[in-house]
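The values are calculated or read from the model by the stated rules, or taken from the named source; none is laboratory data. As the structure is a prediction and not an experimental result, all values here were calculated from the model. Quick reminder, even Gly has a Cβ in these numbers, built from the backbone with ideal geometry, and neighbours come from all protein chains shown.
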Amino acid sequence: MLGLPRNVVLLGIVSLFADISSEMVNPIIPVFLASVLTASPEIIGLIMGGADSLANLLKVMTGWYSDSVRRRKPFVAFGYAPVALVRPLLAFATSWWHVLGIRLLDRAGKGIRTAPRDALLIDSVSIDKRGAAFGLHRALDTAGAIIGTAIAIFLVAFGLGATQTDDMKLLFLLSAIPAAISVLIVILFVREKEAAGAEGARPKGFIASLRGVNPALKRFLVIVVFIGLANVGYTFFILRAYDFGAGLVEILLAYLLMNITYTLFSYPAGAVSDKVGRKKMLMLSLIVFVLGAVTIALANSLTMLFLGFLIYGTFLAIAEVNQGAFASMLSKRTDRGTVMGAFHTVSGLTALPAGVVFGLIWSSVGMIYAFAWASAMAIIAFFLLWGFVRESENVASSAA
């Protein structure tokens, strides 16, 4: 597919099925929390951001350990397994802290698999195809999101349950099926790449590995913090639509539009960055984010709300593809898992303060000010990137 290796395509298909599972439930969790469990914006921010942050502590550790043992596949398979086991338990949640506990277990799986999976993706492709590989992976991942959201829309629109709450719980239960398929594909078809640790000695230790990473990566991670503080995620876009008065089907349609846009732009965003550079594309993504935040905050109609979701989907496509590809260019073959783990951990840990601060500003001052805060963080990240002289491509020869 598109001249990319078998492993790259298979890992994309794995993510496709995993995201079908995720997106059958993710867009309705904020509505479930707000409408059924009566959780406040700051509690929702704690649950959605906190679960990601705490679980992401695992990413740098599993990334480093996969470098140390020179294996990726076992971490990837084990990381996808908890999703099929714990996500259906959302159907039985009766309090917001139940959802928090389930989300922690769910995201722990993501923390285990993400850095080794990205390292395996990098190990499987030549350096001049990394942007395309990440782009294809994100495109298939988000195609799964489209399918999962479409399934949710179908079930809710046709009202297979006695109430809307029953429809939500049915989706939670059904999400286990595609999650199980993703695990089977990893176990049966994805291949380990011996090249993962072929050059150099094994890492002497976790702390030593972190100290030995490219200094430019540390500067980039500071920028990642501000991008993370800005990008509070789709949760608050959904809450904005719910607060506006949109129904569940309308919210799911807006979320579907976001993911369609994300899918359409993911591969082109990666391929274009291979030619023009990651830094320029990341700077463009931050401009797009501010436009999306302003649009969703000032929306006075469903059309404007939908436009905000469309713009946000474009931001996600450009930013998520190029952040990972940028970080990978600052790695060597012997520390790819560590580097990708450090990147994902910093990005993920930022989700907790981002979600809680955004929710507190919304509750105490107002929604407009919360989106203004996020936009300010994006602007700071833009100027930090502008001053980031040492592009990842400058060290491409040492990373090859």
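When region 147-178 is filtered for residues that are among the aliphatic types (A, V, I, L, M), surrounded by 19 or more Cβ atoms within 10 Å (Cβ to Cβ) and assigned to a loop (DSSP other than H, G, I, E, B), nothing remains. Restricting attention to region 54-76, the residues being of a type in the set (S, T, N, Q), under 26 Å from residue 144 (Cβ atoms) and over 15 Å from the mean Cα position of the chain (by Cα) number 2. Candidates 255, 262: the one that is part of a helix (DSSP H, G or I) and under 24 Å from residue 345 (Cα atoms) is 262. Applying the set (1) in contact with a Leu (Cβ under 7 Å, 6 or more places away or on another chain); (2) under 28 Å from residue 136 (Cβ atoms); (3) at pLDDT 85 or above to residue 31 leaves exactly one unmet item: (2).
Residue 88 meets each of the listed conditions (1) over 17 Å from the mean Cα position of the chain (by Cα); (2) more than 25 Å from residue 170 (Cα to Cα) apart from (2). The lone criterion from (1) at pLDDT 90 or above; (2) farther than 25 Å from residue 186 by Cα; (3) surrounded by fewer than 24 Cβ atoms within 10 Å (Cβ to Cβ) left unmet by residue 50 is number (1). Among the residues making up region 53-70, a single one is among the polar types (S, T, N, Q), modelled with pLDDT of 80 or more and out of contact with any Lys or Arg (no Cβ under 6 Å at 6 or more places or on another chain): 62. One residue stands out among those in region 315-330 that are at pLDDT 75 or above and of a type in the set (S, T, N, Q): the one that is surrounded by the fewest Cβ atoms within 10 Å (Cβ to Cβ), which is 323. With respect to the conditions (1) within 20 Å of residue 237 (Cα to Cα); (2) of a type outside the set (Lys, Arg); (3) in a helix (DSSP H, G or I), residue 64 falls short on a single one, namely (1).
Selection of region 1-53 for residues being under 21 Å from the mean Cα position of the chain (by Cα) and not in a helix (DSSP H, G or I) yields an empty set. Given the structure, is residue 122 crowded, with 24+ Cβ neighbours inside 10 Å, within 29 Å of residue 277 (Cβ to Cβ) and β-branched (Val, Ile, Thr)? The answer is yes for residue 122.
For region 331-344, a residue qualifies if it is surrounded by 24 or more Cβ atoms within 10 Å (Cβ to Cβ) and either modelled with pLDDT under 75 or under 15 Å from residue 235 (Cβ atoms) (or both), and the qualifying residues are 331, 335, 336, 337, 338, 340, 341, 344.
Scanning region 79-97 for residues that are surrounded by fewer than 17 Cβ atoms within 10 Å (Cβ to Cβ) and within 22 Å of residue 57 (Cβ to Cβ), we see that the one that is modelled with the lowest pLDDT is 85. Annotation note: Cβ proximity below 7 Å between a residue of region 259-281 that is modelled with pLDDT under 85 and a residue that is crowded, with 20+ Cβ neighbours inside 10 Å and among the aromatic types (Phe, Trp, Tyr) (sequence gap 6+ or interchain) occurs for 270/134; 278/326. Against the conditions (1) in contact (Cβ under 8 Å) with a residue 40 or more places away in the chain; (2) touching a helix residue (DSSP H, G or I) at 6+ places or on another chain (Cβ under 7 Å); (3) not in a loop (DSSP other than H, G, I, E, B), residue 284 satisfies every one except (1).
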